[in-house]
Amino acid sequence: MNLSSLWIGLLAGAFGGLVGLGGGIIAVPLMSAFLKLSQHQAVATSLVMVVFTGLVGALTYATQGTVDWLAALLIFPSAMLTANWGARFANRLPEWKLKRVFGWYLVVVALSLILKPYIPHVEEPLQGWLRIIPLVFTGAAAGFASGLLGVGGGTITVPIMVLLVGLEQHTAQGTSLLAMVPSALVGSYTHYRHGNLAQAHVPGLVVGILVGAFAGGLVANQLPEFWLRLTFSVVLIWTALRYVGTKSKPAPKEASLEP
């Protein structure tokens, strides 16, 4: 087992456990920096981590009765479909463009961390078949983001489920964790077929993220949430600035044929 992969998994899992998000937004930059993976490889490998994070996290929430199984089932089809599209689209993008998109997504995540406590709970949520529309939409959006960027998509699904569907915050988070598993499976398989999965690093990353998520969840209850969210938001913005400024590399000049 690669020790560098293990430490990256631990850090990503701890982040997810501390602030209630998937570890992909931390794992992808760390894998690019320390494992020297390309952006495409980091995205593909991160999706495998998302599968295990989603499974363990959803089981934890389910034991507390905070998973809406019907809502998750309604999200599954559109998320699986668009995760495949997102992964295929990612492989058509040059690395510098994929990094820029990832950077802007980090900005969105940072803002969502700051605004998380201020998401209002609707008094009259959608009822009956009308609930299907936002759930299908959120599945499509989150699935595409998952396949494209190697993330779980909770930043997209949780606010929509709270604001439109009327789920309680913890139930929305538990449902989001469950809903991300099928789309992450589809996205990681699509990337695998394109040869992007760094298989040698998967065992260490998976073990690390599971241990880190458990530890992060325990520590989160002992620390002030506001300062946690603010600190990680600053870190994400700093990371995002490095990504959004990525430029295409100039094409190498052809060697002169003159003697």
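Every residue, every condition in (1) over 20 Å from Leu21 (Cβ atoms); (2) modelled with pLDDT of 90 or more; (3) outside any helix (DSSP H, G or I), yes or no:
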residue: Phe76; (1), (2), (3): yes, yes, no
residue: Met80; (1), (2), (3): yes, yes, no
residue: Trp85; (1), (2), (3): yes, yes, no
residue: Gly103; (1), (2), (3): no, yes, no
residue: Leu106; (1), (2), (3): no, yes, no
residue: Leu115; (1), (2), (3): no, no, no
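Here is a list: Thr171, Thr231, Thr190. Which entry is more than 23 Å from Arg88 (Cα to Cα), part of a helix (DSSP H, G or I) and either touching a residue at least 60 places away in the same chain (Cβ under 8 Å) or among the acidic types (Asp, Glu) (or both)?
The conditions single out Thr171.
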Are any of the residues in region 1-11 farther than 18 Å from Val101 by Cβ, in contact with a Phe, Trp or Tyr (Cβ under 7 Å, 6 or more places away or on another chain) and part of a helix (DSSP H, G or I)?
yes
Looking at Arg88 and the list (1) open to solvent by less than 80 Å² (accessible area, probe 1.4 Å); (2) farther than 30 Å from Thr231 by Cβ, which single condition is not satisfied?
(1)
Would you be able to say whether some residue in region 143-164 is open to solvent by 60 Å² or more (accessible area, probe 1.4 Å) and either in contact with an Asp or Glu (Cβ under 6 Å, 6 or more places away or on another chain) or modelled with pLDDT of 85 or more (or both)?
yes
In region 1-12, which residue that is small (Gly, Ala, Ser) and over 13 Å from the mean Cα position of the chain (by Cα) is most open to solvent (accessible area, probe 1.4 Å)?
Ser4
For region 23-61, give me each residue that is in contact with a helix residue (DSSP H, G or I) (Cβ under 7 Å, 6 or more places away or on another chain) and either open to solvent by 30 Å² or more (accessible area, probe 1.4 Å) or free of Cβ contacts under 8 Å to residues at least 40 places away in the same chain (or both).
Ile26, Leu30, Ser32, Phe34, Ser38, Phe52, Leu55, Val56, Tyr61
In region 45-70, what count of residues is obtained for those that are among the aliphatic types (A, V, I, L, M) and closer than 14 Å to Ser146 by Cβ?
5
I'd like the full set of residues that are open to solvent by less than 40 Å² (accessible area, probe 1.4 Å) and either of a type in the set (Phe, Trp, Tyr) or outside any helix (DSSP H, G or I) (or both), limited to region 65-74.
Thr66, Val67, Asp68
Would it be correct to say that Phe15 is under 13 Å from the mean Cα position of the chain (by Cα), assigned to a helix (DSSP H, G or I) and over 23 Å from Thr190 (Cβ atoms)?
yes
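The values are calculated or read from the model by the stated rules, or taken from the named source; none is laboratory data. Model, not experiment: these values are computed from the prediction. Neighbour counts are summed over all protein chains in view; Cβ atoms, including those assigned to glycine, are modelled from backbone coordinates with ideal geometry. Accessible surface areas use protein heavy atoms only, side chains included; no ligands, DNA or RNA. Shrake-Rupley method; radii C 1.70, N 1.55, O 1.52, S 1.80 Å.
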